[in-house]
Amino acid sequence: MARMLYREDIDEVRRRLTTWWEGGDIGRPAMPIHCPRPTPLETIPPMPQPPGWETGYSTKDFAYRVYLSKTGPGGAMYFGEAVPAVAPDLAPNCLALYLGCQGVEMPGTVWCKPFIEKPVKQHFKADPRNFYWDFSWRLGQEQVRLAKGKFFVAFPDLIEGLDTLAAMRDSEPLLLDLCDRPEWVHDCLDQITELYFYYYDRLYDLFKDETGGSVFWAWAPGRMSKLQCDFSAMISPDMFGEFMVPVLRRMTARLDHCMYHWDGPGAIPHHDHLLSLPDLDMLQWTPGAGEVNTDDPKWWPLYHKTIEAGKKIYAGASSLDSLRRLKREFGPKLKQFLLPMWVKTPAEAEEALRIAQTD
């Protein structure tokens with residue numbers, strides 16, 4: 001029986017999640033629940049933040065990133081299906097950095113500076129000497145060493161398809177390319193997909209747990225990933241079908257479990273395309289800036305349609321009352337949710353799990 005410092009019942013958690021991912025019934029939704037940990041389980045000497053530090057993605061100080069990896073899982077308690085994890089993230093688009101973008105560090109994030117100025121034939125390739133890949137790989141190796149018996153190491157936010165090409169080319173030129181040179185776009189997307197798996201496969205071999213499970217926003221048995229296309233808010237469903245659906249079909253077929261980060265009202269017109277993907281397990285709805293929370297009734301028709309199409313939904317509950325409302329609305333369908341929550345106390349976490357029971 002495996003034990004994990006920050007999640008002693010990890011074997012039970014993995015068994016429940018395996019059942020849930022594979023279509024079984026755990027009596028409630030899968031619920032990653034976190035609450036603050038009042039007393040640290042480990043004493044880790046503090047390390048001063050480097051001068052000019054702007055973001056946790058930073059590559060300016062390797063030792064401080066290692067320190068953040070040590071301390072990251074210790075600030076929370078984990079209930080339901082929550083798992084402690086850290087990741088060697090460098091940006092919300094690491095693949096673009098590995099393939100040639102420069103990272104511009106900003107408060108809370110990293111912007112990938114485009115580098116494709118002309119749409120000539122591209123020959124993207126994996127470069128083991130790339131600064132960002134080398135940093136991710138070394139940090140991931142150190143995290144694996146630190147994580148043993150304590151927590152998981154999750155994938156960095158690689159990102160793929162049109163979002164990665166837009167980071168490399170810039171969004172406005174890419175929108176013109178879709179119309180003026182679609183063959184060039186398809187060729188670039190084919191190369192990006194293959195390179196995604198070049199890096200994914202190496203990271204999976206490094207990060208997978210003793211069961212072969214992996215973490216990308218959630219633990220799942222086998223090869224897990226989160227896919228997305230935020231660029232889709234700027235294009236029609238026809239263009240999404242032409243350019244992104246083939247990418248998603250190829251990628252989902254090479255994974256054991258996956259979710260799609262479905263971001264904002266501009267992405268809603270692509271719902272039917274997403275539901276048509278046979279190997280896509282789950283949609284993770286993100287309302288977008290200025291919109292109501294994921295638990296608001298405004299989004300419930302989207303959730304019903306998704307579940308009726310045989311997909312799962314990743315959408316959080318902001319309070320125990322909102323969880324009760326979701327249960328009243330969805331009844332047994334609530335079991336198809338991955339429903340994360342942040343609560344204030346262990347007692348509130350246990351109450352959330354009790355409320356969510358649907359049997």
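Take residues that are acidic (Asp, Glu) and under 21 Å from the mean Cα position of the chain (by Cα) and tell me which of the strands (runs of 3 or more DSSP E) falling wholly in the stretch 6-111 contain 1 or more.
102-106
So, of the residues in the stretch 216-236 that are of a type in the set (Ser, Thr, Tyr) and not in a strand (DSSP E or B), which turns out to be nearest to residue 259 (Cα to Cα)?
232
Could you grab me the full set of residues in the stretch 176-216 that are out of contact with any Ser or Thr (no Cβ under 9 Å at 6 or more places or on another chain) and either among the aromatic types (Phe, Trp, Tyr) or at positive phi (or both)?
The answer is 184, 197, 198, 212.
Restricting to the stretch 1-26, give me the number of residues that are surrounded by fewer than 19 Cβ atoms within 10 Å (Cβ to Cβ), of a type in the set (D, E, K, R) and under 21 Å from residue 73 (Cα atoms).
Residues that pass the stated criteria total 5.
Could we say that residue 175 is closer than 19 Å to residue 113 by Cα, of a type in the set (A, V, I, L, M) and touching a Leu at 6+ places or on another chain (Cβ under 8 Å) here?
In short, no.
Which condition number in (1) in contact with a Gly (Cβ under 8 Å, 6 or more places away or on another chain); (2) closer than 24 Å to residue 179 by Cα; (3) surrounded by fewer than 21 Cβ atoms within 10 Å (Cβ to Cβ) is the one that residue 288 fails?
(2)
Output the residues belonging to the stretch 191-207 that are aliphatic (A, V, I, L, M), in contact with a Gly (Cβ under 8 Å, 6 or more places away or on another chain) and surrounded by fewer than 20 Cβ atoms within 10 Å (Cβ to Cβ).
206 - this is the single residue of the stretch 191-207 that is aliphatic (A, V, I, L, M), in contact with a Gly (Cβ under 8 Å, 6 or more places away or on another chain) and surrounded by fewer than 20 Cβ atoms within 10 Å (Cβ to Cβ).
Please determine, by comparing only the residues of the stretch 208-251 that are closer than 22 Å to residue 167 by Cα and hydroxyl-bearing (Ser, Thr, Tyr), which one is surrounded by the most Cβ atoms within 10 Å (Cβ to Cβ).
232
I'd like to verify a number: residues in the stretch 295-341 that are among the basic types (Lys, Arg) and either over 24 Å from residue 34 (Cα atoms) or free of Cβ contacts under 8 Å to residues at least 24 places away in the same chain (or both), how many?
Matching residues across the stretch 295-341 total 4.
Throughout, read-outs are computed from the coordinates displayed, never taken from laboratory work. For clarity, every value in this text was computed on a predicted model and none was experimentally measured. All Cβ positions, glycine included, derive from the backbone under ideal geometry; neighbour counts span all protein chains shown.
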